[in-house]
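Let me begin by presenting the structure, written as structure tokens, before commenting on it.
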Amino acid sequence: MSAPGPSVALSLARERRPAAASSADASHYVNVWREPEALGAERVDAFVLILRTRGCYWADAKGCTMCGYARDTLGRSATEEEIGRQVAAALHRYRGEPYVKIYTSGSFLDPREVPPKARSTVVRAFAGPARRLLLESLPEFAQVEDLRALREELGAELEVALGLESTQPEVLSRAVHKHEPPSEYFAAAARVRESGARPKAYLLLKPPYLTEREAIEDTVRSIREAQPHFDTLSVNPVHIQGGTVVEHLYRRGLYRPPWLWSLVEVLRRGRASLGEGKRLVSFPTSGGNRRGVHNCLSCDAGILHAIEEASLSQDFSALDTLPACACQGPWARVNALEALAPEA
């Protein structure tokens, strides 16, 4: 596994961060939308809100190889009042969806991104209709007392998503550029559970410098090793975001997003290793286009639909009977040839 020098990653990290926004711009959230989800066996609509904050502090220091979300940030910390105005504007689009997802292009629990009083403002805004609210955080910010207080203000289920990405330390540090080992994510998941909230893990399919076969095996192994610590495991195939190391490689012909057939294999094998009550899901971003997880682009829509249905129902049997496509041959040959290549 080899990587470009640290100067490339640091230069790209600096380029991603926008100039400091005005107070007027800071009153506007990034985006809202609705998407299908499940609460247990019940199909529901989820309301998704991306707040505009300073974003992930790690993006300034080095940044993860695949993450370009810093471009959607303020370029500075948001005030409590600015967060309040964003939430008030978003509430005009809220229709009482029972599942609410709050994103900040970083860590909701980092006080530099969302001031503590603003956290309460956000959570209380959805108290009542929301039966579950999801937020994201790096492990160091997931502390029991903070989470317990938020859960009590919400009066419903609180779900905390942690970007574990892989359970292999070398993959985390060298391929993803994470700064904490898997053990820190497992410890954070235990704190989330202690607070009464539900821990969720994001697992990354095919970070750079891994072959297709290595990526499959890494994610399958990560599902098996992470599942005792989390209630839900979400497999996120890499997609090409602007201003990232992955895009730097992609533009030079040195990276291809994962094949959909690889995602199917990961989900089929990963599901078999899950304990009772654990959920395995995948809702790929940019699926079916050249900058996201894809096959030949002609069979992609049907496979993506089957993956979404499996994720919502937790019945993965349809993935065993997908229609054959001529692109399975090239995918299989790629995997076979990679298996013959000597290790670097």
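Every number here is computed from the coordinates shown, using simple stated rules; none is lab data. Here the structure is a predicted model, which means the values were calculated and not measured. With ideal geometry, Cβ positions are generated from the backbone for all residues, glycine too; neighbour counts draw on all protein chains shown.
For the chain, the Cys residues with no second cysteine's beta carbon closer than 4.7 Å are Cys56. Computed from Cα positions, the angle between helix 212-226 and the longest principal axis of the chain comes to roughly 50 degrees.
Couplings 3J(HN,Hα) for the range 239-255, derived from phi with the Karplus relation 6.51 cos²θ - 1.76 cosθ + 1.60 (θ = phi - 60°), are 10, 7, 9, x, x, 10, 4, 4, 5, 3, 6, 4, 5, 9, x, 10, 8 Hz, where x marks Gly and Pro. Using just its DSSP H runs of length 4 or more, each adding -39500 (n - 2.57), the chain gives a mean residue ellipticity at 222 nm of -11000 deg cm²/dmol after division by all residues.
Under the shape rule built on the C-alpha gyration tensor, where the axes satisfy a ≥ b ≥ c, the range 69-185 is prolate, since a/c reaches at least 1.5 and a/b is greater than b/c.
Can you list the equivalent-ellipsoid semi-axes of the range 158-297, largest first and in whole Å, using the square root of 5 times each Cα gyration tensor eigenvalue? Walk me through the numbers before you get to the answer.
Numbers: eigenvalues 129, 55, 34 Å².
Values for the range 158-297, descending: 25, 17, 13 Å.
How much net charge surrounds Glu140 when only the other residues with a Cβ under 14 Å from the Cβ of Glu140 are counted, with Lys and Arg +1 and Asp and Glu -1? Can you show the working numbers first?
Numbers: positive: Arg112, Lys178, Arg191; negative: Asp110, Glu113, Glu136, Asp146, Glu180, Glu184.
Net of charged neighbours comes to -3.
Computed from phi, the 3J(HN,Hα) profile of the range 267-283 under the Karplus parametrisation 6.51, -1.76, 1.60 (θ = phi - 60°) reads 5, 5, 6, x, 4, 5, 9, 7, x, 5, x, 7, 10, 10, 9, 7, 10 Hz, with x in place of Gly and Pro.
Give the order of Glu152, Glu308 when sorted by the count of other beta carbons within 10 angstrom, beginning with the fewest.
In increasing order of surrounding Cβ atoms, one gets Glu152, Glu308.
Relative to the longest principal axis of the chain, what angle (0 to 90°, nearest 10) does the C-alpha long axis of helix 144-154 take? Approximately 70 degrees, to the nearest 10.
The base-10 log of I(q)/I(0) for the range 66-116, evaluated at q = 0.17, 0.21, 0.28, 0.32 Å⁻¹, reads -0.62, -0.90, -1.22, -1.29 [Debye formula, identical scatterers on Cα atoms, solvent excluded].
For the chain, the C-alpha radius of gyration divided by 2.2 N^0.38 Å, with N the number of residues, is 0.97.
Relative to the longest principal axis of the Cα atoms of the chain, helix 6-16 runs at roughly 50 degrees. Residues His239, His177, arranged from fewest to most other Cβ atoms within 10 angstrom of their Cβ, appear as His239, His177. For the range 96-103, putting each phi into the Karplus relation 6.51 cos²θ - 1.76 cosθ + 1.60 with θ = phi - 60° gives couplings of x, 4, x, 10, 10, 10, 10, 10 Hz, in residue order, rounded to whole numbers and with x for Gly and Pro.
Over 18 Å between C-alpha atoms is what I'm after, so list which of Lys178/Lys206; Lys62/Lys200; Lys101/Lys200; Lys62/Lys178 land there.
Numbers: Lys178/Lys206 15 Å; Lys62/Lys200 24 Å; Lys101/Lys200 13 Å; Lys62/Lys178 9 Å.
Correct reply: Lys62/Lys200.
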